[in-house]
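The values are calculated or read from the model by the stated rules, or taken from the named source; none is laboratory data. Note that the coordinates shown come from a computational prediction; the quantities given were computed from them, not determined experimentally. We place every Cβ from the backbone using ideal geometry, glycine too, and count neighbours over all the protein chains shown. Accessible surface is based on the protein model in full, side chains and every heavy atom, while ligands, DNA and RNA are left aside. Shrake-Rupley method; radii C 1.70, N 1.55, O 1.52, S 1.80 Å.
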Amino acid sequence: MKSIVVKLMLTGLLVAVLFIVCPQVRPLVNQVFTPDVVYQPKPVLPPPGVKYLEKVENLVVEMTNRARRAKGLAPLLKDDELTDVARAYSDDMLVRRFFDHTTPEGEDFDERISNHYRHRVSVVGENIWSAFGYYPGNLQQLAQEIVADWMNSPDHRANLLDPDFTHLGVGVSVRHHTIRVTQEFVGRFKGFNLGDFLTPRPIAVR
């Protein structure tokens, strides 16, 4: 009987210590659980006169993954945040009438992705495409032309078939029969590793 009493006293003492040391675990009267706020980026809105060809964007993702599977590679995950980054850059090239991986101010694509994509990545890459005299028509054919041009270019093909990439975003912007296409690739860390977060690592650029 005495041992049971002692055990109960020790248990009560341990609970009291835990309540003192860890006050956050104490239940509060009428406490309401509020989940953490999930980051939801604002959708990119096209500039005046610009529209997005979402069907072509989806077809480009589909065709890219088809080419990867044909080489035994894992498909890329379509990423909404990365799509916003791609659309914003297609808009910028279209509105300011330039075509380059670097903005007129000198910002490279790896900087753009790092500044606007809220995930830790190990490698980034970008493909761009431009055409004049665009008219609404066969969107399937347009997507095929875009992907075919990239696949026939060694550098662009290397991005499409890079095994280190995990996520993809495509932005297709059109205005006044002119089209700009941006394809953003990233390789996100596949698992939690404390060392990856404590040790700065340079981002590889493709």
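Some notes on this structure:
- Separation of the Thr102 and Asp164 label points, Cα + 7 Å toward Cβ, nm: 2.1 nm
- Near Thr103: Cβ cut-off under 11 Å, other residues only, Lys/Arg at +1 and Asp/Glu at -1. The net charge is -4.
- Per-residue Karplus couplings for the range 163-180, computed as 6.51 cos²θ - 1.76 cosθ + 1.60 with θ equal to phi - 60°, are listed in order as x, 7, 7, 10, 10, 9, x, 10, x, 10, 10, 10, 7, 6, 6, 10, 10, 10 Hz, Gly and Pro entered as x.
- Accessible-area ranking of Leu142, Leu73, Leu160, largest first, probe 1.4 Å: Leu73, Leu142, Leu160
- Options Phe132, Gln144, Phe109, ranked by Cα towards positive dipole end of the range 92-158, top entry (Cβ charges): Gln144
- Potential lengthening of the chain between Asn58 and His116 amounts to 18.7 nm, from the contour at 0.36 nm per residue minus the alpha-carbon distance.
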